[in-house]
Each structure stands twice: as C-alpha cells, then as structure tokens.
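The numbers here are math on the coordinates, done by the rules we state, and not lab data. Since this is a predicted model, take the numbers as computed values, not measurements. We place every Cβ from the backbone using ideal geometry, glycine too, and count neighbours over all the protein chains shown.
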C-alpha cells in the first residue's frame with residue numbers, strides 16, 4: 001500500500017506551465033481496517049514565480065497607463081524613488097533574469113513539459129496496476145463486475161479468480177466479546193426471520209387477492225365469449241384483449257369504431273374502453289307528419305339507455321350506437337341521390353315527401369332527448385313510423401350481408417377504374433311501398449265508389465277483385481340446398497318492383513277491364529305506373545289505353561269502360577223482347593249517346609253521364625222536319641220533350657226505382 005504525500009498548489013511563475021510530480025514511497029502491507037492514501041499527482045517543486053510578458057504589460061498599463069505617456073524624465077524619476085526605497089537590489093536581479101534569451105526559455109519549457117508527462121505516466125501506470133490488482137482480487141466473488149474494470153492485458157494473462165485473500169493470524173476474541181457477538185447475531189437472525197415471514201405472508205395475501213381479481217376478470221371474459229361476442233387481441237396493443245361488436249362489412253370509419261378494449265379494473269371488473277367516441281346515445285328517430293304536424297314517431301330501444309350497468313349491456317349499447325351512426329350516414333348518402341324526388345336534408349334531419357299531405361321525417365337525436373308527447377289517436381302513424389324504422393335497419397343489415405358475399409366472391413378482372421360503392425337503398429323501398437299503397441288505395445276507392453253508383457242505379461254489376469301488393473309473395477317452399485335463407489329471399493322480394501292488380505267484371509258477359517300498378521324500387525323509372533287493359537267483346541275495335549302515368553288518367557279510363565258497358569247494356573236490354581221492335585242505337589257510345597227512332601221525322605236521344613258520385617240519364621224527344629238526315633234538315637230539328645233520371649238518396653226517391661226502369665219506360 002502507498003501513503004499519500006502532501007500536494008501544494010503550484011505557484012505562478014514566468015513559464016506557461018510548470019508542474020512537478022513526486023512519486024510516493026511504498027509502505028508495508030496494512031490490514032483492511034487501516035486507512036491509506038493514494039496520491040493523485042506527485043509533489044510540486046517550489047520555485048520563484050515569474051509573470052509572463054503579456055501579464056507584465058497589462059500590469060504596467062494598469063499602473064502607469066499607456067507607453068505613449070512614458071518618457072525618459074518619468075522613468076528617471078521612478079528609478080530615483082525606487083533607489084530611495086531600497087529596491088535597487090531587486091531591480092538588478094530582474095534585469096539579470098530578463099537577460100535570458102528566447103531559446104533558453106523554450107528549452108526550459110520543453111524540459112518542464114517532459115517532466116510533467118513522465119510524472120503523469122508514472123501515476124497512471126501505478127493507478128492502473130492498483131486497479132488491476134483490486135479487480136483481480138474481487139473477481140473471486142464478483143467476476144462480472146470485476147472483469148469490466150480490468151485491463152485487456154490482465155484479462156488474457158491471468159484467469160479470473162486466481163487470487164484470494166484471507167486473514168492471517170487474527171487476534172483472539174474475548175469470551176465476553178464472543179458471547180455478545182453471538183447474542184447480536186441471534187437477535188439479527190430472529191429479526192430477519194420475523195421480517196421475512198411478514199413479507200411472505202403479505203406476498204401470499206397479495207397473491208391470493210391477485211388470483212381472485214384475475215379469476216373475476218377471466219370469468220367476465222368467458223361470459224362475454226359465451227354470449228356470442230368475438231374476443232380477439234387488440235391490433236395496436238398486443239397484450240390487451242378486445243371485443244368486436246361492430247360490423248366488419250361497414251364502411252372503414254364505422255368498422256374501426258366497432259372494436260373496444262377490455263381493461264381490468266383494480267377490483268377485477270371489466271371496463272369497456274371504446275376510444276375517442278362522442279358521448280351520448282345516437283338514435284335515428286322516424287316521425288310521420290300530416291299537414292306539417294307530427295302524428296306519430298318511434299321511441300329508442302332499451303339498449304340505447306345510458307343506465308347500462310353490466311358489461312353485456314354496455315356492449316349492446318356500443319353496438320347499437322355505432323349502428324345508428326352508420327344508418328344515418330348511409331341515409332344522408334341516399335338522400336343526396338334523391339334530391340330530384342323532393343327529398344330535403346338539413347344538419348341532422350331528412351324530410352321525405354310521401355303524398356300531398358304526408359311526410360316522413362328522419363332525425364339523428366340523442367336517445368335521452370328523443371321522447372316527445374304524441375297526439376291522441378296517433379297509434380296508426382306510430383305503427384307506420386316503427387315499420388319504416390324497422391325496414392331501414394333490416395335493409396342496412398342486408399346490405400352488410402351483400403357486402404360480405406361480394407367480398408368473398410372471386411375478384412373481377414383488373415380495370416382502369418376503381419369500382420364505385422353504390423349507395424344503400426334504405427328508405428327508398430319504404431317510400432316506394434307507401435306511395436304504391438297510397439295510389440292503390442286511391443284507385444280502389446275510386447273503383448268502389450263508381451261501381452257503387454252503378455249498383456245503386458240498378459245495374460247488377462259483379463264484384464271486382466283486388467290484389468294489392470300482389471308481388472310481395474313469400475315463397476315458403478324454398479329448396480333445401482338454396483344459398484339464400486328465408487329472410488334473404490324476403491328481402492330480395494321486397495326490393496323487387498311492387499305490383500297490384502284490379503280486375504272489374506262488367507255487365508256485358510265475358511267483359512272486363514284490368515288495372516295493373518307497378519312501382520319500381522331500385523331502378524328507374526321511379527314512381528307508380530299504370531297499365532289499363534280492356535276486354536270488351538261487344539266493341540271489338542276498342543283499343544286499350546295501355547301504359548298511363550297519372551292517376552286521373554286511370555280514373556278517366558275506368559269511367560270510360562264503365563260508360564261503354566252501360567251503353568252496351570242499354571242498347572241490348574230490349575233485344576230479347578220480340579213484341580217490341582224498337583231498340584236504342586248507340587250512335588256515339590264513347591260519349592254515352594243513344595238514339596231511339598220513332599217515325600220518319602221524330603226520334604228520342606238518350607245521354608248517359610257517369611261519374612264517381614252520380615249517374616244521370618237524360619232523354620230528349622226531337623222533331624226533325626225533313627227526316628233524320630243531316631244538313632239543313634238536321635239544323636231544323638227541334639226538341640219537343642226532355643226527361644232526366646238521376647241517382648238520388650232514399651229521402652228524395654225518383655219516379656223510377658232504377659235506371660233500367662227509366663230506360664224501359666222511355667222505350668215503351
């Protein structure tokens with residue numbers, strides 16, 4: 001071991017660097033309990049301090065000012081003062097030192113520098129050897145830590161742990177000291193045992209609590225799995241479980257929102273972390289407006305309530321919230337493509353006209369704020385609103401299934417244009433259904449009214465047949481190996497064009513006319529179209545109206561067919577009687593005009609008028625001098641007598657009970 005030598009700080013001399021090191025003498029080996037000092041640098045030699053030339057110039061400038069102010073007289077005066085003060089000897093020594101040449105000063109500087117480097121290398125070598133010795137000694141007990149402090153040469157030259165240390169001839173201990181040490185050792189041992197037992201018991205308690213928490217957590221996860229939810233690993237957090245409650249075939253925005261993290265709380269319960277999702281419970285409310293007044297609306301389901309407590313209820317709430325957001329998003333997309341049909345959109349509402357006084361209002365509202373007071377007798381409109389709401393949600397789920405079928409289908413050949421995702425048809429089928437039913441009810445009401453007028457007038461008109469929504473037939477006998485389920489077949493049938501058929505049998509045998517209504521759902525032309533077909537064998541040259549666009553055109557065609565049937569019935573009513581040779585002739589059947597000739601210049605003209613509310617038959621006795629010809633004789637005709645039969649109520653009956661009795665009376 002080595003003792004520390006005193007080190008005094010270097011004095012400033014005239015040389016730039018003047019540092020000296022002194023090697024400390026070695027001392028005998030001491031025990032581990034003794035203290036020893038290790039010198040960091042050798043002892044510095046004491047010498048005279050000489051300032052450098054720049055320092056002296058700076059001192060002169062501070063004491064005497066600039067050299068420009070120094071002249072011979074000033075210097076002589078200063079020298080005289082120093083001589084008087086007894087400083088002559090010092091000035092002579094300084095002059096002798098300044099007489100040293102530049103070469104000698106450089107040689108002295110290099111010499112001092114070499115000595116300094118030699119002392120530094122010696123100190124570094126001794127410190128390295130001491131460090132290697134200590135590291136080699138410690139490598140017996142801590143080889144990894146000691147190896148990091150060894151020099152490369154020692155690592156290759158000497159194996160680790162080759163040196164050990166031991167106490168040689170330890171001093172004997174007194175009995176009292178030994179007993180005291182034994183008692184202290186036993187006390188510390190008991191204390192450590194008690195401390196370790198407490199730690200073990202505490203660790204066992206924590207472990208048992210952790211086991212209970214983990215068991216509760218995994219029981220909840222297993223319960224979610226058994227309820228049918230998909231449990232997977234979170235894509236961005238590999239060590240975290242997540243539940244998939246969204247729809248994989250939705251748009252990317254809503255598909256990514258359909259994954260929530262299952263985080264464990266401090267008590268083992270599950271927390272559903274849905275990420276950055278807007279608060280609240282969105283709900284698409286469907287309302288029915290009649291004359292701009294709400295007469296019925298839907299209510300949110302129980303799963304959208306914020307009072308969900310169980311994890312299953314929270315998952316249902318999250319799923320329905322994402323579904324409602326996606327539903328309104330797709331409704332907005334569809335509404336933008338139907339602006340030409342009168343559909344209007346605002347911030348969170350869509351207004352869809354159905355008929356002249358009925359509208360459907362779709363709104364995205366919060367489930368807690370969606371409740372509104374319903375007016376009296378609003379049950380039918382509420383059921384209508386709920387039906388529209390159910391159909392939109394079912395159609396969105398059906399669109400997801402179609403996306404799934406499209407995704408698993410073999411890809412199409414490469415094309416230059418990216419295939420466009422079409423808008424979902426969510427409220428268009430409901431709108432087509434409501435418009436079709438409205439038009440069908442109007443046509444049925446018109447047929448019922450005008451045929452009722454004919455029956456009230458005494459005509460034995462057969463009952464007409466009606467098949468409203470004839471195209472919506474659910475095929476119950478599906479093949480067992482079909483790819484489509486019953487629900488998918490129903491949805492495909494619901495998206496097909498809607499058809500209704502009305503068939504009216506007429507008074508004339510084997511005569512009838514048929515009205516077919518067709519409303520397209522997905523493909524243009526949109527709206528309801530009519531096709532009217534006549535089957536009147538008595539008028540073979542009559543052409544059917546064919547395709548019609550407006551309802552009033554259909555009503556005119558129906559009125560025309562019934563009027564022709566009445567004219568045919570009147571003209572043929574007296575053919576069976578052999579005694580009466582007079583017959584009504586249908587001269588203008590399309591306008592309901594008949595003629596009954598009486599003699600050469602006298603005849604009767606009958607005019608039949610039919611409408612939804614009334615039937616009128618009027619006869620005129622006309623005298624035409626010169627015969628029934630045309631020209632001047634026709635212009636000189638004169639009405640002699642007029643009679644009219646009109647359908648009246650029971651309070652004001654006619655002279656004749658029926659129209660046929662009036663015709664028979666006028667024929668006689």
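Some notes on this structure:
- Fewest-first ranking of 188, 229, using other Cβ atoms within 10 Å as the exposure measure: 188, 229
- In plain terms, the residue of 420, 255 with the fewest other Cβ atoms within 10 Å comes first and the most crowded comes last, giving 420, 255.
- For segment 278-406, the Kirkwood hydrodynamic radius from C-alpha pairs, put into Stokes-Einstein at 4 °C and a viscosity of 1.567 mPa s, yields a diffusion coefficient of 83 µm² per second.
- Segments 520-532, 431-443 sorted - mean Cβ within 10 Å per residue, highest first: 431-443, 520-532
- By other beta-carbon atoms within 10 Å, ranking 219, 381, 69 with the fewest at the front produces 69, 219, 381.
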